[in-house]
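In what follows, a structure is listed as structure tokens, so that the remarks can point back to it.
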Amino acid sequence: MAWREKVADEKRAAYRDQEYWGRGVPGFGDPGARILIVGLAPAAHGANRTGRVFTGDRSGDFLFAALHRVGLANQPEAVGLNDGLALTDVFVTAPVKCAPPANKPTTDEKAACRPFFEREVAALSNVRVVVVLGQIGYVATAAEFNLRPRPTFGHGVEAPLGDGRTILCSYHVSQQNTFTGRLTEPMFDAVLRRAVELAGR
């Protein structure tokens, strides 16, 4: 918590004239969504600045452009709270609500944020498929949905929950993956198309 506020106070030079959100970041999207996307945590100068998950950074650029391509977002970019972005049949969140140093939340941070994540998931009663972005999102989601045994995480891995719902894995949309080619647009689009299929859209 202290680190997210320090970042919001000191700011990045490119955003020095902007007021940072600097608080916990809730999920965003369609409350009736059949598709839930679970990331990791707010980015220090992305959601921690804008106040909306995956908004204002390169990860969000990649994610929302892909959602637009498959018809789940009305526009391909997300730059701020008042940019007009609307999601259809999809809700995006993260199990960690505050920006952690180096994008590596501690065990205590994960535990402190879990009740907020639990309440978000519980409120999304129509969800049929959960797309998890990366290992941390997968572990948090598997715990929330009581997935046992838990298959090893891997891009494209599907884990049926036994009640008609499915967890669908993808590499995270971070620059570390997208800039190196570990996760490409066609790879991620394929995961989202599968999510749409599983959700019965």
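Read-outs: derived from the displayed coordinates by stated rules, not from any lab. Just so it is clear, the structure is predicted and the values come from calculations on it, not from any experiment. Cβ sites come from the backbone with ideal geometry, for glycine too, and all protein chains shown count toward neighbours.
Values computed for the structure shown
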{"quantity": "Evaluation of PRO160 against (1) without any contact (Cβ under 8 Å) to a residue 12 or more places away in the chain; (2) in contact with an Asp or Glu (Cβ under 9 Å, 6 or more places away or on another chain) (one fails), failing number", "calculated": "(2)"}
{"quantity": "Residue count, segment 54-81 (criterion: under 18 Å from TYR171 (Cβ atoms) and in a loop (DSSP other than H, G, I, E, B))", "calculated": "3"}
{"quantity": "Residue in segment 66-77 that is in contact with a strand residue (DSSP E or B) (Cβ under 6 Å, 6 or more places away or on another chain) and either within 20 Å of GLN176 (Cβ to Cβ) or surrounded by 23 or more Cβ atoms within 10 Å (Cβ to Cβ) (or both) present", "calculated": "yes"}
{"quantity": "Positions within segment 91-115 being in contact with a helix residue (DSSP H, G or I) (Cβ under 7 Å, 6 or more places away or on another chain), part of a loop (DSSP other than H, G, I, E, B) and farther than 23 Å from ASN126 by Cα, in sequence order", "calculated": "CYS98, ALA99, PRO100"}
{"quantity": "GLY56, sole failed condition from (1) closer than 19 Å to VAL191 by Cβ; (2) buried (at least 16 other Cβ atoms within 10 Å of the Cβ); (3) in contact with a His (Cβ under 9 Å, 6 or more places away or on another chain)", "calculated": "(1)"}
{"quantity": "Every pair of residues 6+ apart whose Cβ atoms lie under 7 Å, when the first sits in segment 60-89 and is farther than 18 Å from VAL25 by Cα while the second is among the polar types (S, T, N, Q)", "calculated": "PHE62/THR178; HIS68/GLN75; LEU72/THR88; GLY84/GLN75"}
{"quantity": "Residue selected from segment 130-154 under the condition touching a helix residue (DSSP H, G or I) at 6+ places or on another chain (Cβ under 7 Å) and over 23 Å from THR178 (Cα atoms), by the criterion surrounded by the fewest Cβ atoms within 10 Å (Cβ to Cβ)", "calculated": "ARG150"}
{"quantity": "Scan of segment 16-48 for residues that are of a type in the set (A, V, I, L, M, F, W, C) and farther than 22 Å from CYS169 by Cα, ordered by number", "calculated": "TRP21, VAL25, ALA44, ALA47"}
{"quantity": "Unmet requirement for ARG119, which otherwise passes all of (1) closer than 19 Å to ASP30 by Cβ; (2) surrounded by 15 or more Cβ atoms within 10 Å (Cβ to Cβ)", "calculated": "(2)"}
{"quantity": "Residue match in segment 178-188 (condition: closer than 21 Å to VAL121 by Cα and out of contact with any Phe, Trp or Tyr (no Cβ under 7 Å at 6 or more places or on another chain))", "calculated": "no"}
